[in-house]
Amino acid sequence: MPFSGTTIRHTAKYWTEFYEDFLKPLIESNSTIAAHRSEALRGDILSQIITDLIYSDIVVADLTDANPNVYWELGVRQSFAHRTITIMESGQELPFDLGIKGTLRYDPKSSQSMEMFKNRFSAALYDCLANPKRPDSHVLQTITGRGTVYEIVHHEESERRLTALLSEVERSVYVLTRVTRVARANNKIKDTRAWRFPTVRFTISATELLITHRYLDASDDFYHSAERFHRRLTDWNEQLNGWALNREPTQQWIMNALKRKEWTVKKVIEDFRKRTISEREALLKRI
């Protein structure tokens with residue numbers, strides 16, 4: 001809201017009293033909320049206002065008298081966050097850009113109007129607390145909302161990454177089958193000099209990208225599965241790289257790993273494979 005006077009009737013004193021005697025008590029009637037106007041604790045006032053506009057849980061903007069500073073501040077807020085309540089004194093016109101946004105009206109000359117405003121304003125505050133993700137900024141909706149260019153590009157990129165991830169998981173099935181076949185064949189040959197050693201290795205670069213950037217809005221279980229998959233296949237690659245040099249110890253490690261009852265590498269791969277397919281199907285349904 002303005003700090004200085006905006007009309008002959010709406011002086012600096014008016015705005016201060018309107019905030020201190022009416023708006024602040026009304027806001028703080030909800031015991032979970034503390035209301036304040038931006039003040040410069042250190043540095044300049046503009047920096048403090050911008051910081052408050054971006055990080056405050058809820059912002060209330062009084063659009064009365066079309067104060068340019070208030071409109072600029074509202075633009076800053078709506079470029080970064082939702083949960084903004086706009087109010088205005090009755091009898092004034094909103095510009096087209098804000099005309100489609102719900103703005104609560106109040107009339108200081110009418111006790112009935114003020115009582116109605118109090119109820120609607122309190123309901124708006126409660127809605128901001130109860131539904132913090134409900135959009136009310138057309139700026140953010142246009143930039144990041146469903147169906148926007150940003151989301152379409154992000155969706156396509158995520159789909160490509162998931163396709164690469166699934167291809168990597170499918171290859172792991174092939175590699176495990178190949179390694180298992182060779183290991184079991186070697187186990188039947190007493191002369192270690194006649195053993196064979198496959199050159200195939202597990203690839204985990206796509207999984208590493210997933211774990212590092214977490215580009216999917218997925219559950220913790222999905223990421224735990226990815227981490228388990230990455231960790232287990234990293235261990236296997238280390239063993240496969242030294243198989244020809246440490247033949248018998250590595251051969252024994254592989255056979256023991258294949259016989260493990262809980263969370264064998266096969267189970268780890270299959271678990272992550274199912275979860276990846278599920279995430280890809282869910283992604284394809286979003287747009």
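The values are calculated or read from the model by the stated rules, or taken from the named source; none is laboratory data. Model, not experiment: these values are computed from the prediction. A quick note on method: Cβ atoms are made from the backbone with ideal geometry, for glycine too, and the neighbour counts reach across all protein chains shown.
Of note:
- Under the condition of being at pLDDT below 90 and either outside the structural domain of Leu23 (by TED's automatic domain parsing) or outside any helix (DSSP H, G or I) (or both), the residues counted in segment 97-128 number 3.
- Scanning segment 263-273 for residues that are over 14 Å from Ala218 (Cα atoms) and either exposed (fewer than 14 other Cβ atoms within 10 Å of the Cβ) or of a type outside the set (S, T, N, Q) (or both) gives Trp263, Val265, Lys266, Lys267, Val268, Ile269, Glu270, Asp271, Arg273.
- Positions within segment 205-219 being surrounded by fewer than 17 Cβ atoms within 10 Å (Cβ to Cβ) and either among the aromatic types (Phe, Trp, Tyr) or part of a helix (DSSP H, G or I) (or both), in sequence order: Ser205, Glu208, Leu209, Ile211, Thr212, His213, Tyr215
- Flag for Phe202 being part of a loop (DSSP other than H, G, I, E, B) and closer than 14 Å to Ile269 by Cβ: yes
- Residue in segment 55-65 that is farther than 19 Å from Ser4 by Cβ and in contact (Cβ under 8 Å) with a residue 60 or more places away in the chain present: yes
- Segment 220-262 - residue that is within 24 Å of Leu166 (Cβ to Cβ) and among the aromatic types (Phe, Trp, Tyr) and, of those, surrounded by the most Cβ atoms within 10 Å (Cβ to Cβ): Phe229
- From Arg134, Arg77, Arg83, residue being exposed (fewer than 14 other Cβ atoms within 10 Å of the Cβ), under 21 Å from the mean Cα position of the chain (by Cα) and in the same structural domain as Tyr55 (by TED's automatic domain parsing): Arg134
- In segment 56-93, the residues that are in contact with a strand residue (DSSP E or B) (Cβ under 6 Å, 6 or more places away or on another chain) and part of a loop (DSSP other than H, G, I, E, B): Leu63, Ser90
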